[in-house]
Structure formats: C-alpha cells, structure tokens
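Beneath this line is the structure, given in structure tokens, with notes to follow.
The values are calculated or read from the model by the stated rules, or taken from the named source; none is laboratory data. Source: prediction; values computed, not measured. Here the Cβ positions follow ideal geometry from the backbone for every residue, glycine too, while neighbour counts run over all protein chains shown. For the accessible areas, the whole protein counts, side chains as well, though only heavy atoms, and no ligand, DNA or RNA atoms are used. Shrake-Rupley method; radii C 1.70, N 1.55, O 1.52, S 1.80 Å.
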Amino acid sequence: MFLIGENINIMSKTIGSAMKERNPKPIQKLAQAEATAGIDYLDLNIGPARRDGDELMQWMVNVVQEVTDKPLSLDTTNPVAMEAGLRTCKSKALINSISLEQARFETELPMVQKYNASMIGLLWGAEGMPRDANERCSLAVELIYKANEMGIPNEDIWIDPIATPISVEINQVKACVEFMSMLSEIAPGCRSIVGLSNISNGAPVHLRPYLNRTYLVMLMKYGLYSAIVDAFDPELIKVAKGEMPEIINLVWRMMDGEQPDFTSLGPKELEYAKTVRVLTGQLLYAHSWLEI
Ligand code: THG
C-alpha cells in the first residue's frame, strides 16, 4: 500500500502561515517528519492559490525537495500553479486531482502526458458528487476513456471514489467500499486511492484515528492501492503495511457477515470490531460508538 502524507496543507495553521510568509522551516520540518514516519509520497496542498499560485507551488516544491527525495503529489485547483509545480518536480509527480469538470480535464490531462506524471482521477461529475456505486462506475469509465484517448495508460490513473464523513451519511460510506470492490473489473490496471481522513471529518479529534484505521482496513479488502493519510498515526501506518494481520483478518471476517463474540475480544480487537459495525451501517453512528 502506498501512503501519501496529507499534512502539508494550507488549512493547517502553522503551514498556512508559513506558506503565506514564504518561511521554509516549518514546511521542511514537517516534510522530514512525514518521510521519517514511513510515508511514500508527500501531498502539497496549496488550495485554490489564486494569487501568485505558480510562484507559490514552485517555491513549495523546491523547499520540500531540499530536504527529501520523496515523490510529490500536487494539490491545487489552479492549473497554472499545477504546471509550475510539475515543471519543478525531480521525480514522477502525482496530479491531485483531475475530475470530469471540463475546465479541469481539458487543461490538465495534457499535462499528465507532457510531464510524464500520474494523475488522481477524482469521481466528481458535472452534477457534483456521485450518489452511489453505480454512478461512480459511470464516472470512472468516462474519465478513464478520456485519459486513455490522451495516451495516458491505466497504471498512471489513480481512481478516487471520494470518501465522505460517517457523521454525515452512511450510504455514501458504503458506496465507496462497494465501488472499490467493482473497480478491478471495470478498469483493469487502474490504481485506486482515497482521502482517508474525510471519513472522520466532524468526529471528535481524539476519536478520528479509530475511524480512519478501520475504514482503511475495510478498503484494503478490495485491494486499495493507496491512501492520503495523516502521517502521524503510527498504528495506521502499521496496519496499512499489513503488520497487524489478526486485526485485518477480524475486520474482513466481519465484512463477510461473521458476528464475533465481543466478550472474547481483546481491547484492540474491540476498537476495530465496534468501528466496523458503524462503518458497515449495522449500528447508527454516534460520537459515543466506542462506549456502546
Ligand atoms: N481526495 C483527494 N485529495 C484530497 C482529499 C480526497 N485532499 C484533501 C483531503 N481529501 C485529504 N487531506 C486531508 C487533510 C487534512 C485533513 C483531512 C483530509 C484534516 N485536517 C485536520 C482538520 O482539518 O481538522 C487538521 C488540520 C491541521 O491543523 O493540521 O482533517 O478525498 N484526491
């Protein structure tokens, strides 16, 4: 499993102001910490970057490349900034992301070719968020077709079905898992990715890791290729690397319909088992789900 660190992000207070002030130190410190934590790619999220976006992205890429050789995932809605970043990357970059919004794919699909990059194909349609797994499939087919037409091979397309918060709606949480189980059939050779922390948006901060970890294991059942994650959750990284096989086994068995005897489970197993119940919709989500 490929892990992409989410932490260099304009939404973060320290990083946001470091970007604004062009102060490299906090950004470099975070990049090094993510690399040490076991992350494979670093996501650089500069947001819409309407003013001086190209200069900012180029500066960010240079600042990060001074301290690490990790490949970069570039996240901005500004295509001029995207191209400036791609020009500056030393290793094969990942464009985060290209959707079916016309303005986006018309300008950015050619960049995948030109810079020999990979792309995240975000399943966001002309009418916004897909409502279920089938709509995700149609969007995936359409997007892959357009990319293939431009000469982009499937292995450079990382499909993102868009993970959504459990605190908002369970059906979308299930649809994302269901889609993942269908992807290898509809798009052989394509890769997959999710923004994992989306699942726990709106949950109390100290409880977010339980949702993130369990949802990751659930998606891994269907061969999830990569995830954008919080680099500073060591247990998440462990489980992603397959280092907790007994936990992975328990989650997968529950997804196949097995109901384990909760009184026989250890405390760590219980955390995951209880969280599977809410993420599969067997139990309605409430912030107190671990106490039930
Ligand atoms: N798909 C793709 N890209 C994505 C997402 C996706 N990029 C953005 C997002 N979703 C994934 N990245 C994050 C980054 C941060 C958080 C969630 C998802 C987050 N941050 C904390 C917060 O906002 O409360 C803390 C921020 C801080 O202070 O550091 O939750 O789905 N392709």
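Close Cβ contacts (under 7 Å, 6 or more residues apart or on different chains) running from residues in segment 36-55 that are under 18 Å from ALA93 (Cα atoms) to residues that are open to solvent by 60 Å² or more (accessible area, probe 1.4 Å) and within 12 Å of the ligand (Cβ to nearest atom) comprise ASN45/ILE10; ILE46/ILE10; GLY47/ILE10. Among residues of segment 81-105 that are within 15 Å of ASN45 (Cβ to Cβ) and of a type in the set (D, E, K, R), none has a Cβ under 9 angstrom from a residue that is open to solvent by 50 Å² or more (accessible area, probe 1.4 Å) and away from the ligand (no atom under 16 Å from the Cβ) at a sequence gap of 6+ or on a separate chain. Selection over segment 108-124 of residues that are farther than 20 Å from LEU44 by Cβ and surrounded by fewer than 16 Cβ atoms within 10 Å (Cβ to Cβ) gives a count of 2.
For segment 129-139, the set of residues classified as in a helix (DSSP H, G or I) and of a type in the set (Lys, Arg) consists of ARG136 only.
Pairing residues of segment 107-122 that are of a type in the set (A, V, I, L, M, F, W, C) with residues that are open to solvent by 40 Å² or more (accessible area, probe 1.4 Å) and part of a loop (DSSP other than H, G, I, E, B), at Cβ distances under 7 Å and at least 6 apart in sequence or on separate chains, gives LEU109/MET150; ALA117/LYS92. Consider LEU211 carefully, then state whether it is crowded, with 21+ Cβ neighbours inside 10 Å, within 14 Å of the ligand (Cβ to nearest atom) and touching a residue at least 40 places away in the same chain (Cβ under 8 Å). Yes.
Each row is one residue, and each column tells you yes or no for (1) among the acidic types (Asp, Glu); (2) buried (at least 19 other Cβ atoms within 10 Å of the Cβ); (3) assigned to a helix (DSSP H, G or I).
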residue: PRO188; (1), (2), (3): no, no, no
residue: TYR215; (1), (2), (3): no, yes, yes
residue: MET218; (1), (2), (3): no, yes, yes
residue: ALA231; (1), (2), (3): no, yes, no
residue: GLN259; (1), (2), (3): no, no, no
residue: GLN282; (1), (2), (3): no, no, no
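Being part of a loop (DSSP other than H, G, I, E, B), open to solvent by 60 Å² or more (accessible area, probe 1.4 Å) and not aliphatic (A, V, I, L, M) is not true of HIS206. Suppose the filter is within 16 Å of the ligand (Cβ to nearest atom) and under 30 Å from ILE152 (Cβ atoms); does TYR222 pass it? It is false that TYR222 is within 16 Å of the ligand (Cβ to nearest atom) and under 30 Å from ILE152 (Cβ atoms). How many residues does segment 65-90 hold that are β-branched (Val, Ile, Thr) and more than 16 Å from the ligand (Cβ to nearest atom)? Looking only at that region, the number is 4. Candidates GLU127, GLU149: the one that is at pLDDT 95 or above and open to solvent by 20 Å² or more (accessible area, probe 1.4 Å) is GLU149. Do we find that ASP75 is within 20 Å of VAL194 (Cα to Cα), of a type outside the set (Lys, Arg), open to solvent by 10 Å² or more (accessible area, probe 1.4 Å) and in contact with a Phe, Trp or Tyr (Cβ under 6 Å, 6 or more places away or on another chain) in this structure? Taking the combined requirement at face value, the residue does not satisfy it. Just one residue in the set THR68, THR36 is open to solvent by 10 Å² or more (accessible area, probe 1.4 Å) and part of a loop (DSSP other than H, G, I, E, B); that residue is THR68. Looking for something within 13 Å of the ligand (Cβ to nearest atom), of a type in the set (Val, Ile, Thr) and part of a strand (DSSP E or B) - is there at least one such residue anywhere in segment 9-25? No, every residue in segment 9-25 fails to be within 13 Å of the ligand (Cβ to nearest atom), of a type in the set (Val, Ile, Thr) and part of a strand (DSSP E or B).
Residues that are charged (D, E, K, R), within 14 Å of the ligand (Cβ to nearest atom) and farther than 28 Å from PHE232 by Cα: does segment 129-137 have at least one? Yes, some residue in segment 129-137 is charged (D, E, K, R), within 14 Å of the ligand (Cβ to nearest atom) and farther than 28 Å from PHE232 by Cα. Looking at ILE170, is it crowded, with 16+ Cβ neighbours inside 10 Å and more than 16 Å from the ligand (Cβ to nearest atom)? Judged against the criteria, ILE170 is a match. Name the single residue that is surrounded by the fewest Cβ atoms within 10 Å (Cβ to Cβ) among those in segment 192-203 being without any contact (Cβ under 8 Å) to a residue 40 or more places away in the chain and either in a strand (DSSP E or B) or near the ligand (Cβ under 7 Å from one of its atoms) (or both). Only one residue tops the list, namely ASN201.
If the condition is being in a helix (DSSP H, G or I) and among the basic types (Lys, Arg), then segment 90-128 contributes ARG104, LYS114.
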